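Shown next, in structure tokens, is the structure this report addresses.
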Amino acid sequence: MTKRTENERVRLDDAARAGWLYYIAHNSQDEIAEKMGISRQSAQRLVSLAMREGLIKVRLDHPVARCMELSQRLKDRYGINFCEVTFADPVSNNPALGIAEAAAVEMETYLKKQQPIVMALGTGREIRDTIKQLPPMNCPHHKVVSLVGNLAPDGSASFNDVIMRIGDRVRAPHYPMAVPVVATSREERDILCAQKPIRSNIALGQSADIAFVGIGELNDAPPLLTDGFITKEELEGLQNAGGVGEILGWAYDNQGKQLEGQTNLRVASVALSQPSSFPIIGVARGREKVPAIQAALVGQWVSGLITDETTAETLVL
């Protein structure tokens with residue numbers, strides 16, 4: 001076992017070197033093979049391994065006219081202050097494809113600031129994949145706080161919780177929300193959120209300088225249901241009440257108005273004002289999310305958006 005682990009480490013080292021030679025030093029695969037003393041086929045496999053293992057982060061830096069046009073149209077139509085539109089893969093079902101990389105660039109901009117900031121985060125695959133795209137950083141002067149509970153109904157950690165991941169990634173003090181996303185009762189929610197550490201983290205989240213959040217849909221299989229935070233009956237109740245989307249577990253209708261009653265009575269996430277007193281950037285794409293994204297924009301849940309061109313085109317129709 002030890003020998004295999006060592007071999008894997010050496011191969012990743014070689015992959016990193018090959019990836020650097022190819023993407024940074026702009027060597028051809030023939031040149032890489034010669035410099036590393038391997039065959040061209042081996043060089044090709046190492047470059048592919050570097051990409052597959054996430055050793056290489058590709059960031060496209062080109063002001064694509066169509067994406068820029070869509071970005072401006074979205075800002076004009078919905079009155080948002082920030083919008084980034086990326087390329088789209090029309091056949092991909094990956095909800096974070098392209099937008100996670102763009103969100104990481106924006107997140108990195110804030111983390112590079114010398115002035116201390118508080119960055120607040122939602123959850124979901126888009127935000128989780130954004131954290132994966134961040135380069136390792138050393139940010140002890142910043143604080144990162146979760147806006148949403150990190151516990152599933154059975155007491156296990158939420159799979160898409162990101163606060164521990166980003167804390168390790170950027171070496172910043174991080175503040176989790178050790179409560180369920182949706183409590184079993186309103187009374188339980190009130191008791192949990194009244195605890196001193198939770199009250200402190202809620203106050204920190206509400207005083208953030210910048211936030212990044214995912215936007216969830218309320219179709220027949222939304223994350224709230226598939227991750228076990230609400231039941232099928234509760235989902236049907238939200239849908240019957242006109243719910244089309246949710247942010248941090250808070251469900252809202254097609255005008256972005258928060259639903260009265262329902263599971264919103266038991267959500268333990270940080271409550272956000274509409275419009276918020278600080279910038280909140282939504283990170284979302286996909287045809288199934290369009291009603292939720294549009295309602296979030298109309299209801300001023302977010303003041304910025306990172307999405308892809310296909311989603312943007314639908315939003316500006």
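The values are calculated or read from the model by the stated rules, or taken from the named source; none is laboratory data. Predicted, not measured: the structure shown is a model, and the values here were computed from it. Don't worry about glycine lacking a Cβ; one is built from the backbone with ideal geometry, like all the others, and counts go over all protein chains shown.
Worth pointing out:
- A count restricted to segment 155-209 and to residues that are touching a helix residue (DSSP H, G or I) at 6+ places or on another chain (Cβ under 9 Å) and of a type outside the set (Phe, Trp, Tyr) stands at 28.
- Scanning segment 127-168 for residues that are free of Cβ contacts under 8 Å to residues at least 60 places away in the same chain and either of a type in the set (A, V, I, L, M) or not assigned by TED's automatic domain parsing to the domain that holds Ala284 (or both) yields a count of 10.
- Tally, over segment 278-307, of residues that are hydrophobic (A, V, I, L, M, F, W, C), more than 30 Å from Ile191 (Cα to Cα) and part of a helix (DSSP H, G or I): 6
- Residue check, Gly205 touching a strand residue (DSSP E or B) at 6+ places or on another chain (Cβ under 7 Å), at negative phi, in the same structural domain as Val283 (by TED's automatic domain parsing) and surrounded by fewer than 20 Cβ atoms within 10 Å (Cβ to Cβ): no
- Qualifying positions in segment 263-277 - assigned to a loop (DSSP other than H, G, I, E, B) and crowded, with 18+ Cβ neighbours inside 10 Å: Arg266, Ala268, Ser269, Val270, Leu272
- Consider segment 97-125 and keep the residues that are at pLDDT below 95 and not aliphatic (A, V, I, L, M). The one that is nearest to Val162 (Cα to Cα) is Thr123.
- Residues that are modelled with pLDDT of 90 or more, out of contact with any Cys (no Cβ under 6 Å at 6 or more places or on another chain), among the aliphatic types (A, V, I, L, M) and surrounded by 19 or more Cβ atoms within 10 Å (Cβ to Cβ) within segment 142-176 comprise Val144, Val145, Leu147, Val148, Val162, Ile163, Ile166, listed in sequence order.
- Given (1) closer than 30 Å to Gln274 by Cα; (2) touching a helix residue (DSSP H, G or I) at 6+ places or on another chain (Cβ under 8 Å), number of the condition Lys113 does not satisfy: (2)
- Members of segment 265-287 that are within 18 Å of Leu97 (Cβ to Cβ) and either hydroxyl-bearing (Ser, Thr, Tyr) or at pLDDT 95 or above (or both): Ile281, Gly282, Val283, Ala284, Arg285
- Subset of segment 127-141 [polar (S, T, N, Q) and at pLDDT below 95]: Gln133
- Leu238 passes every criterion in (1) in a loop (DSSP other than H, G, I, E, B); (2) in contact with a strand residue (DSSP E or B) (Cβ under 7 Å, 6 or more places away or on another chain); (3) crowded, with 20+ Cβ neighbours inside 10 Å apart from (1).
- Scanning segment 203-230 for residues that are in a helix (DSSP H, G or I), under 15 Å from Val148 (Cα atoms) and among the aliphatic types (A, V, I, L, M) returns Ala203, Leu204, Leu224.
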